[in-house]
Amino acid sequence: MAQQAVSAPELIPLARPVLGDAEERAVLEVLRSGQLSLGPRLQEFERGFAAAVGAPHASAVSSGTAGLHLALRAVGVGEGDEVVTSPFSFVASANAALYERARPVFADIDPLTLNLDPQAAAAAVSARTRALLPVHVFGYPADMPALEQLASRDGLGIVEDACEALGALHADGTPVGGRGHPAVFGFYANKQLTTGEGGMVTFADPALKERIDSERNQGRAPDMGWLDHDRLGFNYRLSDIACALGIAQLQRLAAMLAARAHVAELYRHALADVEGVQLPCPDRGGAQRGWFVFVVQLPREADRDGAVRALAERGVQSKPYLPAIHLMSFYRERFGHRPGEFPVCEDVAARSLALPFFPAMTEAQVARVAGELRGALGR
Ligand SMILES: Cc1ncc(COP(=O)(O)O)c(C=O)c1O
């Protein structure tokens, strides 16, 4: 008897960047120009990005992590200082403080927005606190007015981790990244705008421009002689090839962000009746999420690992996302963190599941993910 071929279901990946002819042309132009780094694309990308988020200045860097490091230095964080931050983030936001021998001090998160809870942050401030490092997690803006009030009361600096939040708006209409204090964006391949690897620091103080530009380039001032360096620096430069990719995407940023928001809306409908599954909090009070990922919270009794496996068997990628930073082995060993310290974060981290999410996702793909998730949870 002839065997019937059973085709595997189409794989739906977690993320997939959409780059096209404009990016190809922009990169080719740089390759042909022969100026692959520190060329004209750098300033062009910085100016375009600053304008996009309403910031007076921007400095492009090699990654979001590099940007966080330079931004913390720029607000004066150094050895022995404490930086109050969220334990519900990608590990880089806490690690950045450690690069300067400062200590990340965690405070619990708001159960709805999943961002640093300003009251918990206030309780975590000590005489050693030098800065607050809120994270706009999953692209939802943190409560900056409350955190700014806390910072000005206690004389603290602020660095915003906006790596996931391009396109987000605060309740007062300010774009995330445009409030004046350093805010850091990331351009890794899964981000709203990607240069493969890359990042951007936005800020208002012109003195920071000189400092950050110098520190990303081995401590060399723009007007200094060749190989003369007047301070400690790093190689955190972003190449002109990467900047060209970024410029091309800036030109269609609104459409790229709208496409993500549309996919999120499709998910909201497709998952509305899946019992017990909590969706990302809707925009509130004028604040607007810059859609980065679509992360749901599974019911407490659900077997999340089993769901990930079941989805994978059906061709749907998913990921427990994000794990609590304080419970990672390095942080437990280094700082003695234990379960129970930040109960909201721990509960959310134990239930979060990132579903496939990218701008070109079709309604049929969203429906398939929703159906497979329903099946995996037995709903
Ligand atoms: C919240 C957050 N902070 C920091 C980073 C670090 O950015 P990068 O990977 O560009 O260094 C990321 C992204 O991966 C992130 O999601």
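The values are calculated or read from the model by the stated rules, or taken from the named source; none is laboratory data. This structure is a prediction, so every number in the text was calculated from the model and none was measured. Backbone-built Cβ (ideal geometry, glycine too); neighbour counts: all protein chains shown.
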Checklist entry - Is it the case that region 258-274 has a residue that's in contact with a strand residue (DSSP E or B) (Cβ under 9 Å, 6 or more places away or on another chain), modelled with pLDDT under 95 and either over 23 Å from Ser89 (Cβ atoms) or of a type in the set (Asp, Glu) (or both)? => result yes
Checklist outcome for this item: Scanning region 162-187 residue by residue, those β-branched (Val, Ile, Thr) and in a loop (DSSP other than H, G, I, E, B) turn out to be Thr174, Val176
Checklist entry - What number of residues within region 84-110 satisfy the criterion of being farther than 19 Å from Glu148 by Cα and away from the ligand (no atom under 14 Å from the Cβ)? => result 4
Checklist entry - If you check Val293, Val308, Val274, which single one turns out to be among the β-branched types (Val, Ile, Thr) and within 16 Å of the ligand (Cβ to nearest atom)? => result Val293
Item to check | Residue satisfying condition, being surrounded by fewer than 19 Cβ atoms within 10 Å (Cβ to Cβ) and either of a type in the set (Val, Ile, Thr) or within 21 Å of Tyr188 (Cβ to Cβ) (or both), within set Ala244, Ala261 | outcome: Ala261
Checklist entry - If you check Gly306, Gly290, which single one turns out to be small (Gly, Ala, Ser) and more than 25 Å from Tyr188 (Cα to Cα)? => result Gly306
Item to check | Hits in region 188-214 (condition: within 12 Å of the ligand (Cβ to nearest atom), within 19 Å of Ala52 (Cβ to Cβ), assigned to a loop (DSSP other than H, G, I, E, B) and small (Gly, Ala, Ser)) | outcome: Gly198
Item to check | Looking only at region 294-328, and only at residues there that are in a loop (DSSP other than H, G, I, E, B) and out of contact with any Leu (no Cβ under 8 Å at 6 or more places or on another chain), the one that is surrounded by the fewest Cβ atoms within 10 Å (Cβ to Cβ) | outcome: Glu301
Checklist entry - Can you find a residue in region 197-211 that is closer than 23 Å to Ser37 by Cα, at pLDDT 95 or above and either polar (S, T, N, Q) or under 11 Å from the mean Cα position of the chain (by Cα) (or both)? => result yes
Next on the checklist: Here are the criteria: (1) in contact with a Leu (Cβ under 8 Å, 6 or more places away or on another chain); (2) within 16 Å of the ligand (Cβ to nearest atom); (3) touching a residue at least 60 places away in the same chain (Cβ under 8 Å). Tell me which single one Leu42 does not satisfy.
Outcome noted: (2)
Checklist outcome for this item: Scanning region 349-379 residue by residue, those more than 18 Å from Val274 (Cβ to Cβ) and touching a Pro at 6+ places or on another chain (Cβ under 7 Å) turn out to be Ala349
Item to check | Filter pass, Glu29 being surrounded by fewer than 15 Cβ atoms within 10 Å (Cβ to Cβ), at negative phi and in contact (Cβ under 8 Å) with a residue 60 or more places away in the chain | outcome: yes
Item to check | Residue count, region 222-241 (criterion: in a loop (DSSP other than H, G, I, E, B) and surrounded by 16 or more Cβ atoms within 10 Å (Cβ to Cβ)) | outcome: 6
Next on the checklist: Quick check on my filter: what residues within region 75-105 are under 25 Å from Thr194 (Cα atoms) and of a type in the set (A, V, I, L, M, F, W, C)?
Outcome noted: Phe88, Phe90, Val91, Ala92, Ala94, Ala96, Ala97
Next on the checklist: If I filter region 171-181 for residues that are in contact (Cβ under 8 Å) with a residue 12 or more places away in the chain, out of contact with any Pro (no Cβ under 9 Å at 6 or more places or on another chain), closer than 23 Å to Ala94 by Cβ and within 12 Å of the ligand (Cβ to nearest atom), do I get at least one hit?
Outcome noted: no
Checklist entry - Only one residue in Val84, Val18 is under 21 Å from Ala254 (Cα atoms), of a type in the set (A, V, I, L, M) and within 20 Å of the chain's Cα centre (by Cα), so which one is that? => result Val18
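Please go through region 68-83 and pick out each residue that is of a type in the set (A, V, I, L, M, F, W, C), in contact with a helix residue (DSSP H, G or I) (Cβ under 6 Å, 6 or more places away or on another chain) and within 16 Å of the ligand (Cβ to nearest atom).
To start, the set of residues in region 68-83 that are of a type in the set (A, V, I, L, M, F, W, C) comprises 68, 70-72, 74-75, 77, 83.
Narrowing further to those that are in contact with a helix residue (DSSP H, G or I) (Cβ under 6 Å, 6 or more places away or on another chain): 68, 70, 72, 74, 83.
Hits for region 68-83 are Leu68, Leu70, Leu72, Val83.
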